[in-house]
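Below is one structure, written out as structure tokens; comments come after it.
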Amino acid sequence: MDNDLMVLNSIKLQDPFVSLFNKPDKIINSLSANMEAEGYDDAHPLVVWGVDPETNILVDGHCRFEAAKQAGIDEVPVKVCMFNDENEAIEYAIRNQVDRRNLTEAELLRCIEELDKRKKQGERTDIATDVAAGRSSSQTAEIVGTNRGKVEKARKVIEKGDKKTKEKIESGELTINKAYNDIKDKEKSKTEKRQDRINGDVRDIIKDTKKAADKAMALLPHPYLSSNMQQVLDEVKNTLVDAVTKLQSLLEAE
């Protein structure tokens with residue numbers, strides 16, 4: 001396959017491409033040593049996005065780029081692609097990596113987050129149905145080389161995971177599945193505590209309402225003999241109104 005030659009320093013490194021995938025020193029050093037001994041292998045060109053005649057952004061081959069730089073190679077073989085937009089270029093970069101190897105947990109999380117950022121403009125995400133959400137998960141799973149369930153767990157971690165959790169995934173200390181389960185356990189604990197509080201409030205409301213009803217019932221045998229009948233009825237009314245208000249608040253909080 002014929003490739004173009006391009007001056008290494010003319011190739012632009014730019015996010016998100018430069019930060020999507022890990023660049024282990026061990027791999028870069030090994031590639032660099034091989035390049036020093038054998039030269040750059042034309043069978044593995046860098047893939048650049050020819051945005052315009054003066055701008056070529058590196059899309060795929062960041063380890064090879066760093067290795068060539070370390071080996072003192074000035075010109076490298078490149079494959080110039082003309083993508084329609086950055087979304088297309090990112091999907092290309094991800095698919096290329098997935099075709100060669102399994103992504104790490106950290107890379108998988110980064111790729112899913114980057115793909116999710118790039119929903120079509122104007123797309124209504126606030127009214128997405130379960131079917132649409134499932135379709136989105138399946139499409140993303142196909143791109144990143146995993147299953148729909150893993151994508152949905154990763155999205156939960158992206159949305160609910162704290163900084164420490166994400167740092168542990170980056171370092172390899174924590175898997176996406178374990179982070180997801182930890183988040184679900186915390187949410188369950190919060191829900192149970194909230195339910196206990198609601199149950200306590202409901203019990204208080206029932207108790208207050210029963211007291212008011214008992215007062216009202218005490219008037220029934222001699223309703224016209226009670227000088228403070230109106231006062232008691234007002235108390236009953238206020239208690240019932242307050243009970244209804246509290247119940248509505250509890251329902252709205254659900």
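The table below lists the values:
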{"item": "Residue in region 68-83 that is under 35 Å from the mean Cα position of the chain (by Cα), farther than 27 Å from ARG118 by Cβ and in contact (Cβ under 8 Å) with a residue 60 or more places away in the chain present", "result": "yes"}
{"item": "Residue check for GLU114: acidic (Asp, Glu), touching a Pro at 6+ places or on another chain (Cβ under 6 Å), touching a residue at least 24 places away in the same chain (Cβ under 8 Å) and closer than 24 Å to GLU173 by Cβ", "result": "yes"}
{"item": "Selected residue (only one of LEU46, LEU13 is surrounded by 14 or more Cβ atoms within 10 Å (Cβ to Cβ), within 22 Å of VAL98 (Cβ to Cβ), touching a Phe, Trp or Tyr at 6+ places or on another chain (Cβ under 9 Å) and in contact (Cβ under 8 Å) with a residue 12 or more places away in the chain)", "result": "LEU46"}
{"item": "Candidates ASN102, ASN87, ASN96 - the one that is touching a Lys or Arg at 6+ places or on another chain (Cβ under 6 Å), among the polar types (S, T, N, Q) and either at pLDDT below 95 or surrounded by 14 or more Cβ atoms within 10 Å (Cβ to Cβ) (or both)", "result": "ASN87"}
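The values are calculated or read from the model by the stated rules, or taken from the named source; none is laboratory data. In this text, all values refer to a predicted model and were calculated from it rather than measured experimentally. For neighbour counting, all protein chains shown are included, and Cβ atoms are generated from backbone atoms with ideal geometry for every residue, glycine included.
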